[in-house]
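Values in this text are rule-based calculations from the coordinates and carry no lab data. For clarity, every value in this text was computed on a predicted model and none was experimentally measured. FYI the Cβ positions are ideal-geometry reconstructions off the backbone, even for glycines, and counts take in every protein chain you see.
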Amino acid sequence: MKVQSSEDVARLPVEMEGAVGCSVRWLVSREDGAPNFAMRQFEIEPGGYTPHHHHPYEHEVYVLEGAGEVLDGETPRPISAGDVILVQPDDVHQFRNTGDKPMKFLCLIPNSADNRPGVAGPECSAVESRQ
């Protein structure tokens with residue numbers, strides 16, 4: 001069993017092309033012994049965003065703090081703390097912070113996403129730098 005404060009997990013910059021003001025903490029991953037899913041916490045600074053991208057796997061998102069929008073293709077949809085988002089495989093999407101405070105959200109992906117091709121792959125830094 002792993003029990004750890006999220007604040008004790010390294011916060012890494014999102015290094016994908018097209019990301020601005022975005023960081024990630026790998027809270028639970030294959031390296032922790034999780035066989036099926038990885039849990040990540042993203043933080044996007046005001047005016048920041050993730051890349052506009054797609055990939056062949058789903059992910060589930062829960063907004064913890066702040067406000068912004070998720071682009072559903074080219075359509076912006078407002079999101080705020082308490083909202084839940086399901087991004088289906090190959091949905092083109094982007095998360096943007098349109099508020100004046102950092103936006104934080106949890107994002108879960110299947111561990112199989114590490115090795116699956118996609119336009120952007122996992123929207124965070126390389127597997128080797130998760131520590």
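Key figures for this structure:
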{"item": "Pair Glu15, Glu58: separation of 7 Å Cα→Cβ label points (nm)", "result": "3.0"}
{"item": "Exposure proxy ranking, count of Cβ atoms within 10 Å, fewest first, for Tyr62, Tyr49, Tyr57", "result": "Tyr62, Tyr57, Tyr49"}
{"item": "Residues of segment 31-63 with amide N under 14 Å of a point placed 7 Å along Cα→Cβ from Leu108", "result": "34-41, 58-63"}
{"item": "Additional length obtainable on full extension of the chain from Glu7 to Glu65, 0.36 nm per residue less Cα span", "result": "19.4 nm"}
{"item": "Under-5 Å amide H pairs with His52, H placed in peptide plane, nonlocal only", "result": "none"}
